[in-house]
Amino acid sequence: MKKDVSLNEAYSLLHPRPVALICTKDRNGKVNVMSCAWITPVSDEPPLIAISLWAKGYTHNIIDETKEFTVNIPSSKLMKQVWLAGTKSGSKVDKTKILNLKFSPSKTISPPLIEECIGFLECKVKERLILNEQILYIAEIQRACAEEDLFKNGIWIDEANILLHTGGKIFSTPKSI
């Protein structure tokens, strides 16, 4: 038997879903990292993704200013950093100091990549839409990279142990591919 779910929780039916670490870099060179599970591909040609960010958050201000960000795909080994990046505000805390991560330069844009992540997307914003309390960014992927021993034939293998956000404080990994 099916039960009704409140419309405020309807999006939860789409979880668990992969979580990513979004890196931005402001015009003064300050790097910020945030966790994001509201991210999805939206086009193959050209390769476009969409991310939905809270309009009162810090990260969207940097993206509005620079029109660039990186998407860093963590494995379950980075669960603590993913949690911290999603529960602290970059306007109050320098997350690069508390996350204990290594950053390396991107090849096509200014925001850095997170070396401990198993995959990366370098993205430039094409469109911005305000949707109630959210801002939706449509971005074109400029460059994509993945750990070659974990990404084979166009899919992550089991050993990649992709981190999924189930909701709230709950994370999981795929059991089997």
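What follows is calculated from the coordinates using simple rules that are stated; it is not laboratory data. Keep in mind the model is a prediction, meaning the values are calculated, not measured. Every residue, glycine among them, receives a Cβ derived from its backbone with ideal geometry; neighbour counts consider all protein chains shown.
So which trypsin sites (Lys or Arg not before Pro) in the stretch 78-153 are both in a DSSP loop and have at most 13 other Cβ atoms within 10 Å of their Cβ? Could the numbers behind the result be given before it?
Values: sites: K80, K88, K92, K95, K97, K102, K107, K124, K126, R128, R143, K152; in loops: K88, K92, K102, K107.
Of the trypsin sites (Lys or Arg not before Pro), the ones in loops of the stretch 78-153 whose Cβ has at most 13 other Cβ atoms within 10 Å are K92, K102, K107.
Taking 0.36 nm per residue of separation and subtracting the Cα-Cα distance, what length does fully extending K30 through T108 add? Don't skip to the answer; put the middle values down first.
On the way: separation 78, 0.36 × 78 = 28.08 nm, distance 1.79 nm.
That works out to 26.3 nm of additional length.
In nanometres, what is the gap between the two model label sites at V42 and Q134, each 7 Å from Cα along Cα-to-Cβ?
It works out to 1.1 nm between the two label points.
Could you please rank M34, M79, placing first whichever residue has the fewest other Cβ atoms within 10 Å of its Cβ? Could the numbers behind the result be given before it?
On the way: M34 25, M79 14.
Ranking M34, M79 by Cβ neighbours within 10 Å, fewest first, gives M79, M34.
Residue separation times 0.36 nm, minus the C-alpha to C-alpha distance between R143 and E127: what's the value? Before the final figure, lay out the partial values.
Values: separation 16, 0.36 × 16 = 5.76 nm, distance 1.82 nm.
Once the chain is fully extended between R143 and E127, it gains 3.9 nm.
As a footprinting exposure proxy, order T87, T70, T96, T108 by other Cβ within 10 Å, with the fewest listed first. Can you show the working numbers first?
Values: T87 9, T70 28, T96 18, T108 12.
By the 10 Å Cβ count, ascending: T87, T108, T96, T70.
Please list, in order along the stretch 9-25, the HN-Hα scalar couplings obtained from phi with the Karplus expression 6.51 cos²θ - 1.76 cosθ + 1.60 (θ = phi - 60°), rounded to whole Hz, x for Gly and Pro.
Coupling constants for the stretch 9-25: 10, 4, 4, 4, 5, 8, 10, x, 9, x, 10, 10, 9, 8, 10, 10, 9 Hz.
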